[in-house]
Amino acid sequence: MDTHEEFLRFSAVLSHCYQKAKAHKLGLTVEYGKKAGLLNNHNRLSPLGVLVGNVLMLKQS
């Protein structure tokens, strides 16, 4: 998989979490992502996070 594409997917998911958390802090954004099941314990995209990231990327294009 392309590293650039992975970065864009992760950024899209993180941006989504940032908007949903409405906390304006990175730590709370990551915490929201974990609670939503989009990030795993290592702060990487979970399988659900990859799926959501793909959808978000399609919506942006």
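The values are calculated or read from the model by the stated rules, or taken from the named source; none is laboratory data. These numbers were taken from a predicted model, which means no experiment stands behind them. Cβ: placed from backbone, ideal geometry, glycine included. Neighbour counts: every protein chain shown. Surface areas here come from the heavy atoms of the whole protein model, side chains and all, with no ligands, DNA or RNA. Shrake-Rupley method; radii C 1.70, N 1.55, O 1.52, S 1.80 Å.
At-a-glance table
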item	result
Enumeration of residues in the stretch 1-34 that are charged (D, E, K, R), loosely packed, with under 13 Cβ neighbours inside 10 Å and at negative phi	Asp2, Glu5, Lys25
Residue check, Leu51 assigned to a helix (DSSP H, G or I) and either among the basic types (Lys, Arg) or in contact (Cβ under 8 Å) with a residue 24 or more places away in the chain (or both)	no
Condition check for Gly37: without any contact (Cβ under 8 Å) to a residue 24 or more places away in the chain, assigned to a helix (DSSP H, G or I) and open to solvent by less than 50 Å² (accessible area, probe 1.4 Å)	no
